[in-house]
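First the structure, in the form of structure tokens, and then the observations on it.
The values are calculated or read from the model by the stated rules, or taken from the named source; none is laboratory data. Keep in mind the model is a prediction, meaning the values are calculated, not measured. Neighbour counts run over all protein chains shown; Cβ positions are idealised from the backbone, glycine included.
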Amino acid sequence: MTLQTAYSEANQRYLNRTKNSEVRHKAAQQFMPGGVTRFTTFHRPYPVTIIRAEGPELHDADGNRYLDFINNYGSLIHGHAHPTIVRLVQRAVESASAVSASIPEQMELAQLLCKRVASVEQIRFCNSGTEATMFAIRAARAFTGKSGFIKMEGGYHGLHDAVEFSISPPLVTGERKNTLEPIPTSSGISHNLARDIYIAPFNDTHAIENILLEKAQEIAAIIVEPVMGVAGIIPPLPGYLAELRRLADKYGVLLIFDEVQTLRLHPGGAQGLYHVEADLTAMAKIIGGGFPVGAFGGRADIMSVFDPNQPGHVSHGGTFSGNNITMTAGIASMQLLDKEAIDRLEALSSRLEKGLSHVIQKYNIPAAITRVGSMLNVHFTKLPPIDYTTAHATSKELGTLVHLELMNYGIFASPRGTWYLSTAMADSHIDETISGFSEVMQKISRVI
């Protein structure tokens, strides 16, 4: 059997079991481009329509059940409809949803986050991770008086224009097509913005220092995901983050950690896990308890650029920033995510990694797993990747087939191979998943 034949059969099984989703998707195409409102929810032949979700489970329009390992791309760390969060949010809705004034919940969540992340002395709320990184970069520019910044090739920091460069640049035979050239991720991004952007490979501090040697006088900040997310849950090499801290101090630039995904890894986020502190930190996802949220914070002297009492302060607003519903859910989410919960997630994730790895070895599949805490990624490469280039040597065709077959077996993982666990899961869910993954890999072994 060929890979194409295997995909055709998997696709037909998917079509047969999701007929109501297909009807709904076709109807949605009349009113939304591509039938979706988020590009991350789309995959071929069409995404399922989810009708109900509870704990670690999703149920689609055809009555199919899935174990959710996307968890809204990591934001639902406690799974769906956690009873404590639901109860508190229902109570909050009855009192106020959003008001143009200060509310106690803003202070409570701000204090909670500042206490957890040692480098964050002051914080402000916004509505998404995109806004969080946008304002972190703006703060760095305002504080330093410089406009340039360094980001990593394959690094994802949201959808504002400044960071929509070199997220998925083209590769030729495993090499970068245009070495270190900022490449717009899509049409509609002005090439003129590239003059302020410097690109370096992840896990390569020599490349960072080479840029700083030439351009430090123009660069406000280095922005980095402590663990690369969209690129495939790629961990930092030993000493990498500490060396970024040293270089930032040496050359007089700020260090921004994008902890939108990694805050889940430790009570103090990746900074607590790796014992490296940033000047500014972007947060989102888990701090909203399942509701739209973002936050950015850091050293008090830097954050003072947003103080409206200061002349020439940086403008920051947002109609729903710090709204009562999100703040209430966020407080509950972070209180539930104590050290015991994080340790339990680590145990579940380790169990899953070991099980998936055993299956991969059993069927001699050319795949590797990268994992940090409760985030992992299955790569169809022989070795675990260390940067964008090595991650994207993966077989896209094989990844597409595996994703579709996992869906057919009731395992809801992302098309790019990323898995996020939630506290709603138990050992039984992990074992069920390993069993389904084994069935899929047994089929895959026949076509590779």
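Things to note:
- Figure legend. Inter-residue proximity from region 153-167: first residues small (Gly, Ala, Ser), second residues in a helix (DSSP H, G or I) and surrounded by 24 or more Cβ atoms within 10 Å (Cβ to Cβ), beta-carbon distance below 6 Å, spacing 6+ or different chains. Indicated pairs: GLY154/TYR388; GLY158/GLY129; GLY158/THR133.
- Given (1) surrounded by 23 or more Cβ atoms within 10 Å (Cβ to Cβ); (2) closer than 13 Å to GLY232 by Cβ; (3) not basic (Lys, Arg), index of the condition ALA393 fails: (1)
- Looking only at region 402-448, and only at residues there that are charged (D, E, K, R) and surrounded by fewer than 22 Cβ atoms within 10 Å (Cβ to Cβ), the one that is farthest from the chain's Cα centre (by Cα): ARG446
- Candidates GLU259, GLU218, filtered to the one that is touching a residue at least 12 places away in the same chain (Cβ under 8 Å) and surrounded by 24 or more Cβ atoms within 10 Å (Cβ to Cβ): GLU259
- Of all residues making up region 390-413, the number that are hydroxyl-bearing (Ser, Thr, Tyr) and closer than 21 Å to ILE434 by Cβ: 1
Residue-wise test of (1) over 30 Å from ALA413 (Cβ atoms); (2) of a type in the set (D, E, K, R); (3) assigned by TED's automatic domain parsing to the domain that holds ILE287.
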position: THR41; (1), (2), (3): no, no, no
position: ARG44; (1), (2), (3): no, yes, no
position: THR49; (1), (2), (3): no, no, no
position: GLY55; (1), (2), (3): no, no, no
position: SER100; (1), (2), (3): yes, no, yes
position: CYS126; (1), (2), (3): no, no, yes
position: GLY129; (1), (2), (3): no, no, yes
position: ALA142; (1), (2), (3): yes, no, yes
position: ILE150; (1), (2), (3): yes, no, yes
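- Verdict on ARG344 being part of a strand (DSSP E or B), under 24 Å from ALA426 (Cβ atoms), at pLDDT 95 or above and of a type outside the set (A, V, I, L, M, F, W, C): no
- Qualifying residue in region 362-372 (condition: assigned to a helix (DSSP H, G or I) and not assigned by TED's automatic domain parsing to the domain that holds GLY294): yes
- Of the listed requirements (1) surrounded by fewer than 19 Cβ atoms within 10 Å (Cβ to Cβ); (2) more than 18 Å from GLN261 (Cβ to Cβ), LEU109 misses just one: (1).
- Sole residue being among the hydrophobic types (A, V, I, L, M, F, W, C) and in contact with a Ser or Thr (Cβ under 8 Å, 6 or more places away or on another chain), chosen from VAL120, VAL99, VAL86: VAL120
- Residue match in region 342-354 (condition: more than 27 Å from MET283 (Cα to Cα) and not assigned by TED's automatic domain parsing to the domain that holds ARG141): yes
- Here the helices (runs of 4 or more DSSP H) wholly within region 373-448 that include at least 2 residues being among the hydroxyl-bearing types (Ser, Thr, Tyr) and out of contact with any Phe, Trp or Tyr (no Cβ under 6 Å at 6 or more places or on another chain) are 388-391, 427-444.
- Exclusive hit being surrounded by fewer than 18 Cβ atoms within 10 Å (Cβ to Cβ) and in the same structural domain as PRO238 (by TED's automatic domain parsing), set GLY252, GLY268, GLY322: GLY252
- Yes/no for ILE223 being at pLDDT 95 or above and either over 21 Å from the mean Cα position of the chain (by Cα) or part of a helix (DSSP H, G or I) (or both): no
Conditions tested, residue by residue: (1) at pLDDT below 95; (2) surrounded by 21 or more Cβ atoms within 10 Å (Cβ to Cβ); (3) under 22 Å from SER186 (Cα atoms); (4) among the small types (Gly, Ala, Ser).
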residue	(1), (2), (3), (4)
PHE125	no, yes, no, no
ALA132	no, yes, yes, yes
ARG138	no, no, no, no
ALA142	no, no, no, yes
LYS146	no, no, no, no
PHE149	no, yes, yes, no
GLY154	no, yes, yes, yes
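- Considering the conditions (1) at positive phi; (2) touching a residue at least 24 places away in the same chain (Cβ under 8 Å), GLY312 is excluded by exactly one of them, (2).
- From the list LEU213, LEU180, LEU193, LEU241, the one residue that fits, being in a loop (DSSP other than H, G, I, E, B) and free of Cβ contacts under 8 Å to residues at least 40 places away in the same chain, is LEU180.
- Residue count for region 94-146 satisfying the condition of being part of a loop (DSSP other than H, G, I, E, B) and small (Gly, Ala, Ser): 10.
- Every pair of residues 6+ apart whose Cβ atoms lie under 8 Å, when the first sits in region 36-58 and is in contact (Cβ under 8 Å) with a residue 60 or more places away in the chain while the second is surrounded by fewer than 14 Cβ atoms within 10 Å (Cβ to Cβ) and part of a helix (DSSP H, G or I): none
- Matching residues in region 391-426 - criterion: being closer than 20 Å to LEU76 by Cβ and of a type in the set (Lys, Arg): ARG416
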